[in-house]
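These notes are about the structure you will find just below.
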Amino acid sequence: MSGKDLPHLKKWAEENAGIDFSKTAPKQTDMEIHAPHFNHAFLEELGDKELDRRSFLKWERIMHSHGATLAEVFTLRHGVFPRCVDVIVYPDNHQQVERIVTLANKHDVVIVPYGGGTNVTQSLILNPKEKRMIVSLDMSRMNRIKWVDKINMMACIEAGIIG
């Protein structure tokens, strides 16, 4: 810790904090989630010609329903998410995003933007009481650097870039 050798930390934690390092909790091998909520009018109008990928797969839905906070990672390892996204869509460009947002607004569908998946602000935690269809808008395909202005130290970078 902090570059210092702490040879007695474990013993101190056991004696003073009551931590038992011999206890382990194995990670879960599966997680049950609710069936997707469908908004058929939204899905029909969205179609599958412009978007080359949308997914209802269980583990993909789980992975798009949490960030990387300690509580979310613990739930992933040992618990159950009370609400998961219902479908993941993968737009390739700005025009597809605009169309998806317009259709979601028209059909009363919830959209949750999903960037690199490293969220630590709890913004991917979903309302367990939400009855509307929740769409994860995965921005990972929109990961280009559009321009860099070195003089003004500015850049235009699409939403799916990591880091």
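The values are calculated or read from the model by the stated rules, or taken from the named source; none is laboratory data. Small disclaimer: the values here were computed from a predicted structure and weren't measured. Glycine also receives a Cβ, built like all others from the backbone with ideal geometry; neighbour counts cover every protein chain displayed.
Summary of computed values
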| read-out | value |
| --- | --- |
| Residue within region 1-11 that is over 30 Å from Y114 (Cβ atoms), free of Cβ contacts under 8 Å to residues at least 40 places away in the same chain and touching a helix residue (DSSP H, G or I) at 6+ places or on another chain (Cβ under 8 Å) present | yes |
| Conditions (1) in a loop (DSSP other than H, G, I, E, B); (2) under 31 Å from the mean Cα position of the chain (by Cα): number failed by L6 | (2) |
| Residue pairs meeting the criteria (Cβ under 6 Å; at least 6 apart or on separate chains; first within 14 Å of G116 (Cβ to Cβ), in region 143-163; second among the aliphatic types (A, V, I, L, M)) | N143/I161; I157/I145; E158/M142; A159/M139; A159/M142; G160/M139; G160/M142 |
| Selection status of I125, in a loop (DSSP other than H, G, I, E, B) and surrounded by fewer than 11 Cβ atoms within 10 Å (Cβ to Cβ) | no |
| Residue list for region 100-122, filter: among the charged types (D, E, K, R) and either part of a helix (DSSP H, G or I) or surrounded by 15 or more Cβ atoms within 10 Å (Cβ to Cβ) (or both) | K106 |
| Hits in region 17-69 - residues which are in contact (Cβ under 8 Å) with a residue 12 or more places away in the chain, in a loop (DSSP other than H, G, I, E, B) and more than 22 Å from the chain's Cα centre (by Cα) | A25, E50 |
| Boolean, R77 is more than 14 Å from the chain's Cα centre (by Cα) and more than 19 Å from A159 (Cβ to Cβ) | yes |
| Members of region 113-154 that are among the hydrophobic types (A, V, I, L, M, F, W, C), farther than 30 Å from A71 by Cα and modelled with pLDDT of 95 or more | W147, V148, I151, M153, M154 |
| Test set (1) surrounded by fewer than 17 Cβ atoms within 10 Å (Cβ to Cβ); (2) among the acidic types (D, E); (3) in contact with a Phe, Trp or Tyr (Cβ under 8 Å, 6 or more places away or on another chain) - E50 fails condition number | (3) |
| Residue list for region 70-99, filter: among the β-branched types (V, I, T), part of a loop (DSSP other than H, G, I, E, B) and within 19 Å of G115 (Cα to Cα) | V85 |
